[in-house]
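First the structure, in the form of structure tokens, and then the observations on it.
The values are calculated or read from the model by the stated rules, or taken from the named source; none is laboratory data. Here the structure is a predicted model, which is why all the values come from computation and not from measurement. We place every Cβ from the backbone using ideal geometry, glycine too, and count neighbours over all the protein chains shown. Just so you know, the surface numbers come from the protein's heavy atoms only, side chains and all, with ligands and any DNA or RNA stripped out. Shrake-Rupley method; radii C 1.70, N 1.55, O 1.52, S 1.80 Å.
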Amino acid sequence: MNQPVKHKIFSFIKKPLIVAVILFVFTLIEIYWAMGSFSNKLSSACLDCSFFDDTYLMTLFSTVFLSIIFLPFSLIKNSNLKVTLQLLLLILIWFFWNYTIFVDRESSWSTYLFKEEVMYTLHFSFFPILILSIVTVFTLNYILRKL
């Protein structure tokens, strides 16, 4: 392959790859920070699955999904709207995964009401999601603006 073709391919792949790596790293950190206290508990869905296996799969799914969704967001000119949409989507996805882990590793072994599950998940997730979602979105937008 000649140089111009390699350069075009790399420049085409660079943005999605950077977005995916950032989302992967921050999602993994968020799940471990928020739900790490349940890492020693058994999963009710898969007794042989480790916390790392669950977290890795959740992070992988989130990375693919969010990368596909976040790339078209770069076309939005209104930066406030773009950042708000990115934050909301990231918060919802991360809260969903944290809720899933809480249900799988804690509440399924006991008698929690839905409201209690949500409140406990919110209790464990509030600061990790708040801090890391803001850091993630601003890091993504800063890096993508520099490209």
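So the values come out like this:
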item	result
Whole-number accessible area per residue in Å² for the stretch 1-73, which is evaluated in the context of all protein chains at 1.4 Å	62
The chain: calculated mean residue ellipticity at 222 nm from DSSP helix runs of at least 4, using -39500 (n - 2.57)	-28500 deg cm²/dmol
Heavy-atom SASA rank of Asp48, Asp104, Asp53 (probe 1.4 Å, accessible area, largest first)	Asp48, Asp53, Asp104
Accessible area per residue, Å², the stretch 97-147 with all protein chains present, probe 1.4 Å	60
The stretch 57-147: trypsin sites (Lys or Arg not before Pro) falling in loop per DSSP and having at most 14 other Cβ within 10 Å	Lys77
Fraction of accessible area attributable to carbon and sulfur, the chain (%, probe 1.4 Å)	72
